[in-house]
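Visitor: Sharing a structure here in structure tokens format.
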Amino acid sequence: MSTLELPITGMTCANCANTIERTLKKTAGVAQASVNYASERATISFDPTQSKPAEVVNNALAAVRKAGYDVTIAHTELPLLGMTCANCASAIERTLRKQSGIATVNVNYASERASIDYVPGAIGIADMVAAVRKAGYDVPQASAQSTSASDEDAEQAAREADIADRKKRMTLGLAFALPAMLLSMSNDFGLLIPAVTALLERLGAWWLLVGWLHITDHGGHEFHRYFGWLILALTLPVMLYTAKPYFVHGYKALRNGAANMDVLVALGSGVSFVYSLVVLFGWLSGHVYFETAGMIVALISIGKYIEARAKGRTGAAIKSLMALRPKTARKLLRGANGEWQESEVAIDQIQIGDVILVKPGERIATDGIVTEGRSAVDESMITGESMPRDKKPGDAVIGATVNKEGALKFEANKIGKDTALANIVRLVAQAQGSKAPIQALADKVSAVFVPAVLVIAALTFVGWLWIGRVPLETALINAIAVLVIACPCALGLATPTAIMVGMGKGAENGILFKNSTALERAAEIKTVVLDKTGTITKGELTVTDLVAFEFLASDLLQWVASAEKASEHPLAQAIVREAEAKGVTLLPVQRFLALPGMGITAYVDSKLLSIGNAKLMHQHGVAIMIEAQTRVEALQAQGKTAMFIGVNNALAGVIALSDTIKAGSAEGVAQLRGAGVRVIMLTGDNAISAQAIAQQAGVDGVIADVLPAEKAHEIETEKLRMKNPIPHSPFSIFNFKLPLSAVAMVGDGINDAPALAQADVGIAIGTGTDVAIEAADVTLISGDLRNVRKAIRLSALTVQGIRQNLFWAFFYNVILIPVAIAGIFAQYGPILAAGAMAFSSLFVVGNSLRLRSRI
């Protein structure tokens, strides 16, 4: 299955998202669909073997637009090279139509140009250029470079245009509705006539004063009629311009068999306006409520404008990550004389294998391997670690990180959507769009919320009119207040806005959640099981001790390292690395012999060296002194691997190696234990080695001698032991503290993948294997165990924010709908209700944004 994301515009509440989701699921070629109201994106899945990508995109576009919403589409023109006939144009069209995210393609052979409509974010200009070149044609480099940013800007431009449109409608609405309300309130409280009279007297406008007194003193009905026309004149622009989207979207929602917030607003303001027109034309007697209709629309427009801007900030973390990507790079090419020549190119023009120069203070253009130079690189924006990392030839560098000191030359090995930054952005965007289990109840309520409110409003009207025996306008005002005060938006925003902020904040700290379920479940972690090698420890052996009984220690290291260089064993490689790090010159080796289970022998500098265990020493007649045996046993008790060194059949020394714990591992374990989390170490190593590392790390317990296939079973055992005996209530979303019961597994190797999948929450070390990362729910990019505690805390705060939002969203409606039914605020009920409705959504978004400063 292939997936495609569509940026949606025009949604006003969670019911809009549900409507689009239902519509897309019925669309030809679409297998699955999910719409996120907070991020305003739809994710669709389709089978590319059954449906052409371009057909699926066009079908989805048509379906969304027919439902009354829109999809942001970008347009580009690509000049083409290499076409020789009309068939070439057809071939390019077919090639581009196969690319996911392309809506329409038209290639003109005569003008040698391709006109393309596409979904920004789903495909970029660089992908199109690459497809054209793969088909055997070309795009001029300058043209491809000049349009490289358009796919990044198209969606942002559409969002900004939408916000600008909301602002214009809101401004006009306030400019007319506010004076209408002030005039109407002044008249209702008997302040208008005296105030205008006094003003005309002060200005000396006697003719106007005479006319004013005639209208007010000799024709109360005539004054109210003129006054009604004035308020109508002020309200009409609001209803025709500011309210237009609510009526259009409301009509389309009803046409699609769904009712959303637009229906409530359109009904509330529309009924007020129509009733007032009927009264103004004298068909009914009563009070006009034009100002009520105008203020309902104006206040809700204020809320929606602020909400749109605030929702944009929930995804600020991802936007800031994307902004880190440099626009250009210094590409190096070999000149005719063999010297490097520097050329500045657009980032999209970099190819795998290109050599790139990055100077101090510049951002690294893309992922690659250092070929020349030494420097320190600030990778905090990717890994969350504050300390720069030293880089030398052979080390990997990550695109968008900052070179701090010396100049580096590196060879690009990942470009475009394959880079670490692109993968992080994609993973976080996908995770933000997923639905958390806690959202299920809100979705169920949202699905029936608007129809239920319409029924309640109708019952309120009938109840007040027939049972309460009140005038028609009083019953109508109370029913309108019910329509307007009900807020489905807060329900729809409660979970996704908090999820977006939490996921984004995690990405800023080098913590990636695979989906919303993982984020929610991580808050319940009570036990963390840690793999040893590569997770607690560095995952590579280092020489820790070298004891020389004969000869100098430096000479002994030179001979041993020279002999071990011919071996592929990890112990041998660690000894060679130690010698090279100390600048030791390795000597030629003769007659190297590896003896499995014992060690090696070799001749170095005319000396016979025997390096291995006691069995090897006995075989070569090397006597082991009591002092040497005691030293080896002491080293082994510390979890180290110790070997005897024989020179010319005499014991010359002992060398020991160990996998040392990472910086931060002990602190990370201490932080977890301080938070009440039990920490267990799980390893295939022997109990003595495991216990030595466990003491250094400070874990609560050790499970050693576990085969890779048995790790998943041990995790299942831990899960059963921690099984929560307290069943969750259906209303557990309101509990701010639930019993924590989840078991997390933290690992990095292929052998950890089954255990990571078995755990409630699998946490992979980003420096580990791709298999482990794929099996995990959470990835720690830096591999620092202190981030495990960060991940749990981030999850707990995010889930707490979601529960607070849901609590507010539910109880706001539970409390204020009855208040509206009761008609407590009399004729100003609808206006106050509109203000309360707008505030409800803003509270939820604001509470979610507050997480940014708490996490």
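Visitor: So, in segment 535-549, of the ones that are more than 17 Å from Ala744 (Cα to Cα) and touching a Ser or Thr at 6+ places or on another chain (Cβ under 8 Å), which residue ends up surrounded by the fewest Cβ atoms within 10 Å (Cβ to Cβ)?
Guide: Thr542
Visitor: OK, next. What is the residue count in segment 742-790 for residues that are surrounded by fewer than 24 Cβ atoms within 10 Å (Cβ to Cβ), out of contact with any Lys or Arg (no Cβ under 9 Å at 6 or more places or on another chain) and at pLDDT 85 or above?
Guide: Of the residues in that region, 3 qualify.
Visitor: Sticking with this structure for a sec: Do we have any residue at all in segment 16-26 that's touching a strand residue (DSSP E or B) at 6+ places or on another chain (Cβ under 6 Å), within 25 Å of Val132 (Cα to Cα) and in contact (Cβ under 8 Å) with a residue 24 or more places away in the chain?
Guide: no
Visitor: Still on this structure, I have one more. Would you confirm, using the coordinates I've provided, whether Lys52 is open to solvent by 10 Å² or more (accessible area, probe 1.4 Å) and either modelled with pLDDT of 90 or more or hydroxyl-bearing (Ser, Thr, Tyr) (or both)?
Guide: Against the criterion (open to solvent by 10 Å² or more (accessible area, probe 1.4 Å) and either modelled with pLDDT of 90 or more or hydroxyl-bearing (Ser, Thr, Tyr) (or both)), Lys52 does not qualify.
Visitor: Being more than 28 Å from Tyr251 (Cβ to Cβ), assigned to a strand (DSSP E or B) and in contact with a Gly (Cβ under 7 Å, 6 or more places away or on another chain) is true for just one of Leu4, Leu78. Which residue is that?
Guide: Of Leu4, Leu78, the one residue that is more than 28 Å from Tyr251 (Cβ to Cβ), assigned to a strand (DSSP E or B) and in contact with a Gly (Cβ under 7 Å, 6 or more places away or on another chain) is Leu4.
Visitor: Within segment 253-280, work out how many residues are open to solvent by 50 Å² or more (accessible area, probe 1.4 Å) and in a loop (DSSP other than H, G, I, E, B).
Guide: Here the count works out to 2.
Visitor: Here's a follow-up. Please enumerate the residues belonging to segment 630-650 that are surrounded by fewer than 16 Cβ atoms within 10 Å (Cβ to Cβ) and either closer than 17 Å to Ala563 by Cα or free of Cβ contacts under 8 Å to residues at least 12 places away in the same chain (or both). First the steps, then the outcome.
Guide: At the first step, the residues of segment 630-650 found to be surrounded by fewer than 16 Cβ atoms within 10 Å (Cβ to Cβ) are 630, 633-634, 637, 648-650.
Thr630, Glu633, Ala634, Asn648, Asn649, Ala650, listed by residue number.
Visitor: Also, I was wondering about something else. Considering every residue within segment 233-250, establish whether at least one is closer than 24 Å to Ala63 by Cβ and open to solvent by less than 10 Å² (accessible area, probe 1.4 Å).
Guide: Looking for residues that are closer than 24 Å to Ala63 by Cβ and open to solvent by less than 10 Å² (accessible area, probe 1.4 Å), one finds at least one in segment 233-250, hence yes.
Visitor: For Ser34, which of the numbered conditions (1) open to solvent by less than 30 Å² (accessible area, probe 1.4 Å); (2) in contact with a helix residue (DSSP H, G or I) (Cβ under 8 Å, 6 or more places away or on another chain); (3) of a type in the set (Gly, Ala, Ser) fails to hold?
Guide: (1)
Visitor: Any residue at all in segment 608-618 that's basic (Lys, Arg) and more than 21 Å from Glu540 (Cβ to Cβ)? Lay out the reasoning, then the answer.
Guide: We begin by selecting, within segment 608-618, every residue basic (Lys, Arg); these are 615.
Among the residues that remain, those that are also more than 21 Å from Glu540 (Cβ to Cβ) are: 615.
Yes, there is a match, as at least one residue in segment 608-618 is basic (Lys, Arg) and more than 21 Å from Glu540 (Cβ to Cβ).
Visitor: Identify, by number, the condition in (1) in contact with a helix residue (DSSP H, G or I) (Cβ under 7 Å, 6 or more places away or on another chain); (2) buried (at least 19 other Cβ atoms within 10 Å of the Cβ); (3) part of a helix (DSSP H, G or I) that Leu832 doesn't meet.
Guide: If we test Leu832 against (1) in contact with a helix residue (DSSP H, G or I) (Cβ under 7 Å, 6 or more places away or on another chain); (2) buried (at least 19 other Cβ atoms within 10 Å of the Cβ); (3) part of a helix (DSSP H, G or I), just (1) comes out false.
Visitor: Sticking with this one: Restricting to segment 75-102, name every residue that is under 27 Å from Ile8 (Cβ atoms), in contact with a strand residue (DSSP E or B) (Cβ under 9 Å, 6 or more places away or on another chain) and open to solvent by 10 Å² or more (accessible area, probe 1.4 Å).
Guide: His75, Glu77, Arg97, Gln99, Ser100
Visitor: Name every residue in segment 103-113 that is touching a residue at least 24 places away in the same chain (Cβ under 8 Å) and open to solvent by 40 Å² or more (accessible area, probe 1.4 Å), in order of residue number.
Guide: Thr104, Tyr109, Glu112, Arg113 - these are the residues of segment 103-113 that are touching a residue at least 24 places away in the same chain (Cβ under 8 Å) and open to solvent by 40 Å² or more (accessible area, probe 1.4 Å).
Visitor: Follow-up. Quick check, is Phe734 out of contact with any Ser or Thr (no Cβ under 8 Å at 6 or more places or on another chain), under 28 Å from Lys444 (Cβ atoms), modelled with pLDDT under 85 and crowded, with 19+ Cβ neighbours inside 10 Å?
Guide: No, not satisfied.
Visitor: Hey, does segment 54-73 have a residue that's of a type in the set (Val, Ile, Thr) and over 25 Å from Arg166 (Cβ atoms)?
Guide: yes
Visitor: Turning to a different aspect of this structure: Among the residues of segment 286-332 satisfying the criterion of being at pLDDT below 75 and hydroxyl-bearing (Ser, Thr, Tyr), which is least open to solvent (accessible area, probe 1.4 Å)?
Guide: Once the filter is applied, the top-ranked residue is Thr314.
Visitor: Right, here's the next one. Among the residues of segment 559-576, are any open to solvent by 40 Å² or more (accessible area, probe 1.4 Å), small (Gly, Ala, Ser) and closer than 23 Å to Gln629 by Cβ?
Guide: Checking segment 559-576: not a single residue is open to solvent by 40 Å² or more (accessible area, probe 1.4 Å), small (Gly, Ala, Ser) and closer than 23 Å to Gln629 by Cβ.
Visitor: To continue, here is another question. Is there a residue being under 21 Å from Glu55 (Cα atoms) and modelled with pLDDT of 85 or more anywhere in segment 121-128? Show your work before the answer.
Guide: Within segment 121-128, the subset under 21 Å from Glu55 (Cα atoms) is 121-125, 127-128.
After this cut, where a residue has to be modelled with pLDDT of 85 or more as well, the list is 128.
Checking segment 121-128: at least one residue is under 21 Å from Glu55 (Cα atoms) and modelled with pLDDT of 85 or more.
Residues are listed down the side, and each one gets a yes or a no for (1) in contact with a Phe, Trp or Tyr (Cβ under 7 Å, 6 or more places away or on another chain); (2) acidic (Asp, Glu); (3) outside any loop (DSSP other than H, G, I, E, B):
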site: Ala17; (1), (2), (3): yes, no, yes
site: Thr23; (1), (2), (3): no, no, yes
site: Ala28; (1), (2), (3): no, no, no
site: Ser45; (1), (2), (3): no, no, yes
site: Asn59; (1), (2), (3): no, no, yes
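Visitor: Tell me, please, whether a residue that is touching a residue at least 40 places away in the same chain (Cβ under 8 Å) and not in a strand (DSSP E or B) can be found in segment 580-602.
Guide: no
Visitor: Another one. Just give me the residues in segment 184-211 being open to solvent by less than 50 Å² (accessible area, probe 1.4 Å) and assigned to a helix (DSSP H, G or I), in sequence order. Write out each step before concluding.
Guide: Just the residues of segment 184-211 that are open to solvent by less than 50 Å² (accessible area, probe 1.4 Å), to begin with: 184, 186-187, 190, 192, 196-197, 200, 204-205, 209, 211.
Within segment 184-211, Ser184, Ser186, Asn187, Leu192, Val196, Thr197, Leu200, Leu209, Gly211 meet the criteria.
Visitor: Under 6 Å by Cβ, and 6 or more places apart or on different chains, what pairs join a residue from segment 420-435 that is over 17 Å from Ala38 (Cβ atoms) and at pLDDT below 70 with one that is open to solvent by less than 30 Å² (accessible area, probe 1.4 Å) and outside any loop (DSSP other than H, G, I, E, B)?
Guide: Correct list of pairs: empty, since none qualify.
Visitor: To continue, here is another question. Identify the single condition in (1) surrounded by 24 or more Cβ atoms within 10 Å (Cβ to Cβ); (2) small (Gly, Ala, Ser); (3) over 30 Å from Thr660 (Cα atoms) that Gly468 does not satisfy, given that it satisfies every other one.
Guide: With (1) surrounded by 24 or more Cβ atoms within 10 Å (Cβ to Cβ); (2) small (Gly, Ala, Ser); (3) over 30 Å from Thr660 (Cα atoms) applied to Gly468, the lone miss is (1).
Visitor: I'd like to check which helices (runs of 4 or more DSSP H) are fully inside segment 466-553 and have at least 1 residues that are within 30 Å of Ile703 (Cα to Cα) and hydrophobic (A, V, I, L, M, F, W, C).
Guide: Helices (runs of 4 or more DSSP H) meeting the threshold: 516-522.
The values are calculated or read from the model by the stated rules, or taken from the named source; none is laboratory data. For clarity, every value in this text was computed on a predicted model and none was experimentally measured. No Cβ is skipped: glycine too gets one built from the backbone with ideal geometry, and neighbour counts run over all protein chains shown. Remember, those area values only see protein heavy atoms, side chains included, never the ligands or the DNA or RNA. Shrake-Rupley method; radii C 1.70, N 1.55, O 1.52, S 1.80 Å.
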